[in-house]
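So the structure is just underneath, and the comments pick up after that.
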Amino acid sequence: MTFQLSRIHLYGTIQITIVTANNQPTGKTENEAKNNANCKPKDDRFQRWQKITIDQFGYTLNLILTLTIAALGYWFFLLKNHDFSPGSSAKCAMIFSLVALAVSAVCGLYCSLNRLWDFRGTAQRAGEKPNAPSKDELKWLGSLTWGLFYTQLASFTAGILALAIALHLTYGGKLA
C-alpha cells in the first residue's frame, strides 16, 4: 500500500492536505486494477435495469388506475348533481366516458392480478418447482400484461377526453 500526499494552497492562508491510499493487488498494474474494480458483469446491469423497469411499470399502472377511479368518482358526482343537465350529445359523451373508464378500471385490476400470477410463476420456475408454469406460459402472461396495460391506458385517455367533451358541451356556453 502506498500513500500519496497532495497539498492545495488557497489564497495563501488556507492549506488543505489530502492523503490518498493506493491499494494495488500484487502483480497487476494500476490500470488493470482499475479495470477489474470498475467492471461489473452485464447480467448485473441488466438485472438492475430490469428491476427499475418492473418498478416503474407498477407505479405507472397504479397511477393510471388511481386516476381512473377518481374520474369515475367525479363522473358519479356529476350525475348526482342537480345543476348538471347535459344535452343529448353530451349525454352520449358521458355514457361513452363511463364505459371507457370502466374498461380502464377493469383492465387495470386484471393487469395487476396478471402481474402477480406472472411473478409467482417466475418464482416457481426459478425455484425449479415441479408444478411451475412453462416458459411459453410465462411469455404469454408477460404479453397479456402489456396488452392489458396498453388497453387500460387507451381507454383511460378516451374516457377522460369524452368526459372533457361532455363538460365542454354542457358548460362551454358559460365560458363565452
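Here, each number is a calculation from the coordinates, and none is a lab measurement. Here the structure is a predicted model, which means the values were calculated and not measured. FYI the Cβ positions are ideal-geometry reconstructions off the backbone, even for glycines, and counts take in every protein chain you see.
Per-structure values
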read-out	value
Ranking of T145, T151 by count of other Cβ atoms within 10 Å, fewest first	T151, T145
Charge sum, other residues only, whose C-beta stays under 15 Å from E128's C-beta, Lys/Arg counted +1 and Asp/Glu -1	+4
Likely footprinting exposure, T53, T157, fewest C-beta neighbours within 10 Å first	T53, T157
